[in-house]
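Scroll down for the structure; my scribbles are underneath it.
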Amino acid sequence: TPIVKLEYFSGISEAARDEYGGAYESIVEKWFEFWIEKSPNLDPKWCGGFFGEEYAHLLYCGNKEDAQKSTFYKEINAWYWNDLPWNTFVENVWGSLILPLTVYDSWYDYRGGADAYQNPYVTDATGNAYTGVENLSARMMPKDLLIEKPTEVKNLLLSTRNNLGTINYFLGGMINEVPEDETSVHPAVRNSAWNLLSIDSDTTLKIRDFVPNDVTGVCYNHHYRLEPDWHNACWGAHHSKLSELKSLYDPEARLNCWHCVGWQGGDPFAESPTSGCQSQSFGSFVLIGIIVASLI
């Protein structure tokens, strides 16, 4: 399947902030308003991507002609040309742009193809390669909340935008089409539009307070290593059934890893686990994920 990439950017130089800062802030707010309104209802062919206060990097799973005919492509261009203050933009100082659509033959090509092999700019290392990774957190934003409380969501983004992650994921495609009880992932995955990432503890707390565990859950792949109430945050209503399956198929807890179903042990970060335990945890995470997902 071809992949079509749509990119929107806005920006302002540091030297221009005193003169144009207020107008620039209004563009950030306009972008958030537009994205909050449109992202919960996109055609599933808009299958993923990420966004921030100044940009969107969105993917369409299909050909370029269909992407250009899509409702969202027309809407973002209409917003771009009609709602932004073109009379105040100054070339090379501040403004916005939508790049021409880029087409890739496949997901493999979009991710860099053969040239991506061992290329740190494409297949970057994990762990300490990321500044602030010890405080990394991610929480899912429900579609319903974007629709029912757009102003509150916008105010959350505006108040936290300086400490949000550089990549906040758009959960497009068919993710929301799968029934909640069809797989082992947190049920909130099936009614979420975004993953909001943060590397700042105050921002993490603010987002968690806005969308607590009785509303949503964490993005398991990027959630905070010391997430409180992690059973609910990571697994939600599925935790009880998954625990039963864990006891049935792994009664001796041979597969044991931090924040996995059936974890036995204390806080591995407080206890400074040995390298052997860390290695076991990684392997256990992969195995138990495969086993439990296939069972449920």
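Read-outs throughout are calculated quantities, based only on the coordinates presented, and are distinct from any laboratory measurement. In this text, all values refer to a predicted model and were calculated from it rather than measured experimentally. Cβ atoms come from the backbone with ideal geometry, glycine included; neighbour counts cover every protein chain shown.
Here are the numbers for this structure:
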| quantity | calculated |
| --- | --- |
| In order through the stretch 174-182: 3J(HN,Hα) via Karplus (6.51 cos²θ - 1.76 cosθ + 1.60), integer Hz, x for Gly, Pro | 9, 3, 7, 8, 7, x, 4, 9, 7 |
| Positive minus negative residues near Tyr110 (Lys, Arg vs Asp, Glu; Cβ under 14 Å) | -1 |
| Local electrostatic count, Ser247, Cβ distance below 14 Å [Lys/Arg +1, Asp/Glu -1] | 0 |
| Gain in span if fully extended, Asp144 to Asn63, counting 0.36 nm per residue against the direct Cα distance | 26.2 nm |
| Inter-probe distance in nm under a simple model that places probes 7 Å from Cα toward Cβ, at Asp109 and Phe9 | 2.3 |
| Under 14 Å between alpha carbons - lysine pairs in the chain that sit 8 or more apart or on different chains | 13 |
| Farthest positive-ward along the chain dipole, Cα basis, beta-carbon charges - from Ala233, Asn155, Ser10 | Ala233 |
| Added length on full extension, which subtracts the Cα-Cα distance from 0.36 nm per residue, Ala253 to Ser26 | 76.3 nm |
| Cα gyration tensor shape of the chain, rounded if a/c is under 1.5, else prolate or oblate by comparing a/b with b/c | prolate |
| ³J(HN,Hα), Karplus 6.51/-1.76/1.60, whole Hz, each residue of the stretch 228-239, x for Gly, Pro | x, 6, 5, 4, 6, 5, 8, 10, x, 5, 7, 4 |
| Order by protection proxy (mean Cβ within 10 Å, highest first), peptides 203-213, 5-15 | 203-213, 5-15 |
| Derived scalar couplings ³J(HN,Hα) [the stretch 63-74; Karplus, 6.51 cos²θ - 1.76 cosθ + 1.60; whole Hz; x for Gly, Pro] | 8, 5, 4, 5, 4, 5, 7, 5, 4, 5, 4, 5 |
| Top positive-direction residue, dipole computed over the stretch 1-127 with Cβ charges, set Ser39, Gly95, Tyr24 | Ser39 |
| Sequence-distant residues sharing a close amide H with Gly95 (under 5 Å, placed H) | Gly11 |
| The chain: most fluctuating residue of Asp229, Asp66, Asp43 per GNM, C-alpha cutoff 10 Å | Asp229 |
| Local electrostatic count at Ile36 - Lys and Arg +1, Asp and Glu -1, tallied over other residues with Cβ under 15 Å | -3 |
